[in-house]
Amino acid sequence: MIQFILNKKDISTSLPSGSLLLDFIRYEQNLTGTKIGCREGDCGACTALVGEIKNGELVYQSVTSCLMPIGNAHGKHIVTIEGINVEGLNFIQQAFADEGATQCGFCTPGFIVSLAGYCVNKKNVSAVDAVNGNICRCTGYKSIERAAQKITDKIAERKEEDVFAFAVKNKFLPDYFLTIKERLTNYLFKTNGVAKLTGAKFLGGGTDLYVQQHETMVHADIDFLFDKEHLNGVSQEGNRCIMGAAVTVTDIAESPIFRQNFPGLDRYIKLVSSTQIRNMATIAGNFINGSPIGDFTIFFLALDAQLVLSNGFTSREIPLRKLYKGYKTLDKTAEEFVEKIYFELPASTTKFNFEKVSKRINLDIASVNSAINLNLNGDVITNAGISAGGVGPVPTFLAKSSAFLKGKKISIETMQGLIDVVQTEISPISDARGTEAYKRLLLNQLIKAHFVSLFPQLSVEEILA
């Protein structure tokens with residue numbers, strides 16, 4: 001039995017745990033403000049909020065309900081557009097009305113819900129970032145930006161006041177939100193979680209499986225990994241960073257360990273999907289999906305990440321670089337799941353960079369992506385790892401290119417030599433994301449971008465020549 005709070009209402013359902021939250025909201029609860037758009041997590045029309053208690057605090061994140069199984073809603077507070085209504089218009093709705101920030105109205109509930117999440121977020125994010133996964137085809141966005149600025153200006157008055165008290169007082173949210181923490185605490189005490197099923201499919205955030213296998217997943221027996229405590233968390237032991245396999249992109253973005261060791265992290269994160277998807281997508285899911293252009297697969301290939309695979313009884317370790325045997329073919333049995341990921345954190349003499357090109361600047365799948373990790377002694381490279389996606393049937397660690405860099409000095413000549421070696425090591429194909437020649441050119445350009453970003457002492461004009 002799956003139990004959660006939906007807006008004000010306690011929910012208990014025996015529907016298949018793989019059923020989508022979007023369908024449950026609309027067809028079982030008749031809450032039709034949440035819209036069916038792309039069903040692939042791209043448009044944000046189905047955005048809902050998910051509230052849960054973490055480290056003793058009630059926190060909310062936005063999600064695309066079209067990709068979220070109700071099994072992952074177990075023990076949480078789910079909020080739809082109907083759940084943030086107050087008498088009259090709430091502050092967010094009024095700002096949209098005042099600025100003419102809606103036309104056809106189809107996308108509007110998703111924007112409103114995303115901004116409601118922003119209003120109770122203690123982290124340093126902007127209102128515009130909060131809606132980066134919401135698409136509007138009517139307004140041109142400027143009116144939405146003006147409405148978002150009104151909300152930001154009001155939130156600035158909060159200062160040290162409790163976020164929920166401030167949100168209720170200023171009509172961002174209805175007053176029942178003040179009872180949710182206590183309700184959820186008592187509620188969680190009564191629930192036992194979703195049990196593991198023999199022979200079940202393993203599921204983390206579901207952001208890719210529900211795109212590829214929508215109908216199959218609804219009725220599948222599922223072992224939900226997303227909320228399992230031992231599969232979560234980012235920690236450091238010595239110079240080693242250890243992650244549970246269910247760590248999300250957002251967890252990485254907010255991790256003090258990652259923020260301290262990767263100065264360019266904010267820029268890298270903005271290249272990856274949207275806020276809603278980052279809140280759901282797990283790093284292990286990115287690996288096991290096996291996509292040749294998985295952004296964080298490429299990121300961690302360059303770092304020589306190691307995986308701990310478990311079948312529930314025994315475990316084994318395997319380098320991420322050895323996981324891929326062929327297109328969507330892994331060195332992993334059906335009974336195994338990723339339990340843990342670890343890698344050596346960059347030293348003070350290490351240079352790391354991640355780059356990506358896609359048809360849209362943001363919120364798109366890569367045409368080609370690349371990461372580079374260089375250990376230096378002065379201006380000499382003592383060890384290197386370079387990876388690339390979109391240039392072969394699997395996410396590619398460029399072994400020959402990495403070996404070429406060892407012992408080389410940082411120079412334009414080294415960069416050009418690297419480009420020459422890389423071209424012998426890749427095998428892109430022409431597809432919807434570009435021709436073979438285009439992808440080869442893109443990777444050349446990304447290598448140049450690595451050098452521009454990491455070595456400002458080099459002449460940009462010479463690099464780009």
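Karplus-based coupling profile of the range 434-444, in residue order and whole Hz: x, 6, 4, 4, 5, 5, 4, 5, 4, 5, 3, with θ = phi - 60° in 6.51 cos²θ - 1.76 cosθ + 1.60 and x standing for Gly or Pro. Each residue of the range 305-313 was assigned a 3J(HN,Hα) from its phi angle through the Karplus expression (A = 6.51, B = -1.76, C = 1.60, θ = phi - 60°), giving 5, 10, 10, 9, 9, 10, 10, x, 10 Hz with x at Gly and Pro. Ordering ASP223, ASP364 by accessible surface, largest first, gives ASP364, ASP223; the 1.4 Å probe counts only protein heavy atoms, with every chain in place.
When the alpha carbon gyration tensor of the range 213-304 is reduced to an equivalent ellipsoid, its three semi-axes come out at 24, 16, 13 angstrom, largest first.
When nucleic acids and ligands are ignored and a 1.4 Å probe is applied, HIS214 ends up with an accessible area of around 60 Å². Cross-link partners for LYS409 among the lysines, with Cα-Cα distance under 26 Å and sequence neighbours closer than 8 places in the same chain left out: LYS351, LYS356, LYS400, LYS448. Over all Cα atoms in the range 251-407, the spread is summed up by Rg and Dmax: 15.5, 47 Å.
Computed from phi, the 3J(HN,Hα) profile of the range 397-404 under the Karplus parametrisation 6.51, -1.76, 1.60 (θ = phi - 60°) reads 8, 8, 5, 5, 5, 5, 5, 4 Hz, with x in place of Gly and Pro. With contacts taken as Cα pairs under 8 Å and at least 6 residues apart, the range 45-102 reaches a relative contact order of 32 percent.
The listed residues THR435, THR297, once ranked by accessible area (1.4 Å probe) with the largest placed first, stand as THR435, THR297. Helical content alone sets the calculated 222 nm signal of the chain at -9000 deg cm²/dmol, taking -39,500 (n - 2.57) per DSSP H segment of four or more residues and averaging over every residue.
With N as its number of residues, the range 358-465 has a Cα radius of gyration that, divided by 2.2 N^0.38 Å, comes to 1.06. If you take the Cα centroid of the range 1-74 and the Cα centroid of the range 233-247, the two points sit 29 Å apart.
Derived from the Cα gyration tensor, the three semi-axes of the equivalent ellipsoid of the range 305-372 are 28, 19, 10 Å, largest first. Alpha-carbon geometry of the chain: the Rg and the Dmax are 23.0, 69 Å, given in that order.
Summarising the amide proton neighbourhood of MET68: residues at separation of 5 or more, or on other chains, whose placed amide H is nearer than 5 Å comprise LEU21, LEU22. Protein heavy-atom surface of the chain, 1.4 angstrom probe: 51% of the accessible area is carbon and sulfur, with nucleic acids and ligands not counted. Computed with a 1.4 Å probe on the full set of protein chains, the accessible area for VAL128 sits at about 80 Å².
If you take the Cα centroid of the range 380-410 and the Cα centroid of the range 307-329, the two points sit 22 Å apart. Per residue, the accessible area of the chain comes to 44 Å², computed with a 1.4 Å probe over protein heavy atoms only. Rolled with a 1.4 Å probe across the full set of protein chains, the surface gives LYS406 an accessible area near 130 Å². The relative contact order of the chain, computed from alpha carbon pairs under 8 Å that lie at least 6 residues apart in sequence, is 11 percent. Counting only protein chain heavy atoms and rolling a 1.4 Å probe, the accessible areas of TYR187, TYR210 rank, largest first, as TYR187, TYR210. Multiplying the residue separation of LEU441 and LEU15 by 0.36 nm and removing their Cα-Cα distance gives an extension gain of 148.4 nm.
The values are calculated or read from the model by the stated rules, or taken from the named source; none is laboratory data. Everything numeric in this text was worked out from a predicted model, so none of it was measured. Heads up: the accessible areas ignore ligands, DNA and RNA and are worked out on the full protein's heavy atoms, side chains in. Shrake-Rupley method; radii C 1.70, N 1.55, O 1.52, S 1.80 Å.
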